[in-house]
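The values are calculated or read from the model by the stated rules, or taken from the named source; none is laboratory data. Please read these numbers as outputs of a predicted model, since none were measured by experiment. Virtual Cβ from ideal backbone geometry, glycine too; neighbours counted across all protein chains shown.
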Amino acid sequence: MFQIHKTLKMSFEGFSQRTIVPDNLKTGVISHKKFEPILNQSYREMADYYNTVIVPARVKSPKDKGSVEGSVGYISRQIIAALRNIQCFSLEELNEAIIEKVNELNGMPFQKRPGSRRSIYNEEEKSFMSPLPAKAYRPAEWRVAKVQKNYHVQIEYINYSVPFEYLQKEVDVRLTKELVEIYYKEMRIASHKRIHGVQGQYSTNPNHMPDSHREYFNHTPESMRKWAEEIGHYTTLLINHILKNNVEKQALNQLMALKNIRKNTSAVAIEEACKTVLSVSIAPNIQLLKEVIKRQKEMNQRNTTSYLNEEATQDYGFTRGAKYFGGLNNVK
């Protein structure tokens, strides 16, 4: 593809034609229906990249490209025959020789009309050409894959994530040397930098995960320290102690339990419990913290019940006795 880009740049002075009328070759045109030909995916992408429309010639209609057919024999005589005795040791060298002959041919004056192919191109055609992109087109490979239950697709034994909503769906995967793009019904749902090397690697976008998985994925020592700082000083001390005195994975599992406790316990209660645990134990842990929080809740519940009972038995003087209605003498 780089060579095609280089040839276009040299032959058309950095421009490409807006329309190409090729034969119905199977490598480029999968099928040619009456109103809409189906092109090879890579062929169509290349045309889109160069801002060119592919319009295959109609079946059994040689007049669609009659001028091209006539030019084939002329080019064979003027270029291919002229280079028959030249030895080239690389494709680049051969292309340079061909381009030189093409430029000579384009500059030759017409025999029966004024001007040359070059002058006709500059005067009539150049204004309709499209400028070439800065970089040459890089062909892509397309594959079909099924999204696994871990919301990844496997390409060459490397795993790439997609949004978990597409579990068990068949997707189209576009591969280039640097990029992996994943499409579902012609809509791109994910893209990753392509991984080369050791098989079994994962490229995972956290945004593709379910909430529960994302929470576990983001559960790191740094995130736990940041979370603890929001609770308070003693919570931070306890978490640092657990991380320091346990294997990282084991410590993170314990701290996940602490985050679950936070769902039903206030930050003030957790901070107070951490302070108590650090003061009474030389080996504080989450299990001991749970017991302290449980006893705190029981104590608070007993205090609340006792207070309510006391309130219910206290005489507030709201009862109106006999004196209020005229004294005891009036009571019969």
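So in segment 39-63, with the set limited to residues that are crowded, with 17+ Cβ neighbours inside 10 Å and of a type in the set (A, V, I, L, M, F, W, C), which one is farthest from the chain's Cα centre (by Cα)? So the residue we want is A57. Those helices (runs of 4 or more DSSP H) of segment 55-148 in which 1 or more residues are closer than 30 Å to S42 by Cα and outside the structural domain of N159 (by TED's automatic domain parsing) occupy 66-75, 91-107. When every residue of segment 136-157 is checked against the conditions, at least one turns out to be at pLDDT below 85, surrounded by 11 or more Cβ atoms within 10 Å (Cβ to Cβ), touching a Lys or Arg at 6+ places or on another chain (Cβ under 6 Å) and not charged (D, E, K, R). Taking segment 206-279 as the region of interest, the helices (runs of 4 or more DSSP H) fully inside it that hold 3 or more residues being among the charged types (D, E, K, R) and over 18 Å from K297 (Cα atoms) are 211-217, 221-231. Look at segment 100-127: where a residue is more than 19 Å from Q17 (Cβ to Cβ) and at pLDDT below 90 and a partner is β-branched (V, I, T) and in a helix (DSSP H, G or I), sitting 6+ places away or on another chain with Cβ atoms under 7 Å, you get K101/I79.
Filtering segment 173-230 to residues that are among the polar types (S, T, N, Q), surrounded by 11 or more Cβ atoms within 10 Å (Cβ to Cβ) and farther than 20 Å from E141 by Cβ leaves T204, N205, N218, T220, S223. Does segment 151-160 include one or more residues that are free of Cβ contacts under 8 Å to residues at least 24 places away in the same chain and either out of contact with any Phe, Trp or Tyr (no Cβ under 9 Å at 6 or more places or on another chain) or assigned to a helix (DSSP H, G or I) (or both)? For segment 151-160, residues free of Cβ contacts under 8 Å to residues at least 24 places away in the same chain and either out of contact with any Phe, Trp or Tyr (no Cβ under 9 Å at 6 or more places or on another chain) or assigned to a helix (DSSP H, G or I) (or both): absent.
Can I189 be described as outside the structural domain of N260 (by TED's automatic domain parsing), of a type in the set (A, V, I, L, M) and in a loop (DSSP other than H, G, I, E, B)?
no
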